[in-house]
1. For region 36-148, which strands (runs of 3 or more DSSP E) that fit wholly inside it have 2 or more residues that are crowded, with 21+ Cβ neighbours inside 10 Å?
2. Looking at (1) surrounded by fewer than 17 Cβ atoms within 10 Å (Cβ to Cβ); (2) modelled with pLDDT of 95 or more, find the lone condition where residue 310 falls short.
3. Pairs please, first residue from region 71-98 and at positive phi and modelled with pLDDT of 95 or more, second anywhere and outside any helix (DSSP H, G or I) and buried (at least 23 other Cβ atoms within 10 Å of the Cβ), Cβ atoms under 6 Å, 6+ apart in sequence or on different chains.
4. Please go through region 181-209 and give me each residue that is in a loop (DSSP other than H, G, I, E, B) and more than 17 Å from residue 224 (Cα to Cα), ordered by number.
5. From the set of residues in region 284-306 that are more than 25 Å from the chain's Cα centre (by Cα) and in a strand (DSSP E or B), which is surrounded by the fewest Cβ atoms within 10 Å (Cβ to Cβ)?
6. Can you tell me which of 260, 221, 187, 272 is under 24 Å from residue 40 (Cβ atoms), buried (at least 18 other Cβ atoms within 10 Å of the Cβ) and at pLDDT 95 or above?
7. Give the number of residues within region 157-178 that are touching a helix residue (DSSP H, G or I) at 6+ places or on another chain (Cβ under 7 Å) and part of a loop (DSSP other than H, G, I, E, B).
8. Just to be sure I understand, how many residues within region 316-325 are in a helix (DSSP H, G or I) and over 14 Å from residue 97 (Cα atoms)?
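The values are calculated or read from the model by the stated rules, or taken from the named source; none is laboratory data. Owing to the predicted nature of the structure, the values given are computational and were not obtained by experimental measurement. Cβ placement follows ideal geometry from the backbone for every residue including glycine, while neighbour counts extend to all protein chains displayed.
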């Protein structure tokens, strides 16, 4: 009897000690569960949890806390702790990230993302544009492709006379200078727009035909060396949540973010792009590789966009934007070797 009383007392005493504190990060994703971004975001958080011996755990919400264009403000306001957004979804809000979106920048999401993150972290003006959030990493998707349901696109004139969905940023500017009829809509609306005939085509990386289930709708694809464009993203954390972390937890978040996270997302995206090319072949999507004349014509028509961006970036406080763009291209070239 005494033994039982002693055991009960010991158990009660143990229960009175406070449990080890645990921090939960809520993750929001507006792309499907199997998308490269959702997978990379979850893998990042698992690594953070491992580095903190389980003191940080993750809760991927069953649905996004906001529509894609509202995600930045949702994280800023604490509706989710961690999420990502496309800079171009909120026109005129972000200028500097357009540096990575110009035509023919690179053939790998990993390479371009790492280079972009290095350049953006080097110049504090990029952080200033994101002062409302804790930036975890800057990154891009894979090389941009022209997809449509109507006809092969082999020259600039073929881009005209169809209705196109675009995601904003430089791709919107590219589309306008070559005379495309474009509508700015989030990627997540693509199936509805294309299946209903509201849009005839879309500009996407390869991965997106699988993620947004348009592989049975799309009939034609045109690829470009280095991609027609690369869309810039940021993955971010609510700053108040970050400030509440312990020094150990902050260290784990910081070590797992930045270039490591940009590389992680890029690798996931490249893998998804490779899988999508196999899917295109399986669905008999006609793939056209832009020839030298098509590429030269696109370069000629879009070259003025770099000067326009440089002027806007200078107004945002970035000194010598042309030099920054050249540094980014050099970094991509170095990483591509």
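1. Working: elements: 56-60, 82-86, 134-140, 145-148.
Qualifying strands (runs of 3 or more DSSP E): 82-86, 134-140, 145-148.
2. Here residue 310 meets the rest and fails (1).
3. Matching pairs, first to second residue: 78/238.
4. Filtering region 181-209 for residues in a loop (DSSP other than H, G, I, E, B) gives 185-186, 196-200, 205-207.
Scanning region 181-209 gives 185, 186, 196, 197, 198, 199, 200.
5. Among residues in region 284-306 that are more than 25 Å from the chain's Cα centre (by Cα) and in a strand (DSSP E or B), the one surrounded by the fewest Cβ atoms within 10 Å (Cβ to Cβ) is 286.
6. Working: 260 fails: buried (at least 18 other Cβ atoms within 10 Å of the Cβ); 221 fails: under 24 Å from residue 40 (Cβ atoms); 187 fails: at pLDDT 95 or above.
It is 272.
7. 4
8. Of the residues in region 316-325, the ones in a helix (DSSP H, G or I) are 321-325.
Right, trim to over 14 Å from residue 97 (Cα atoms) and you get 323.
Total satisfying the criteria: 1.
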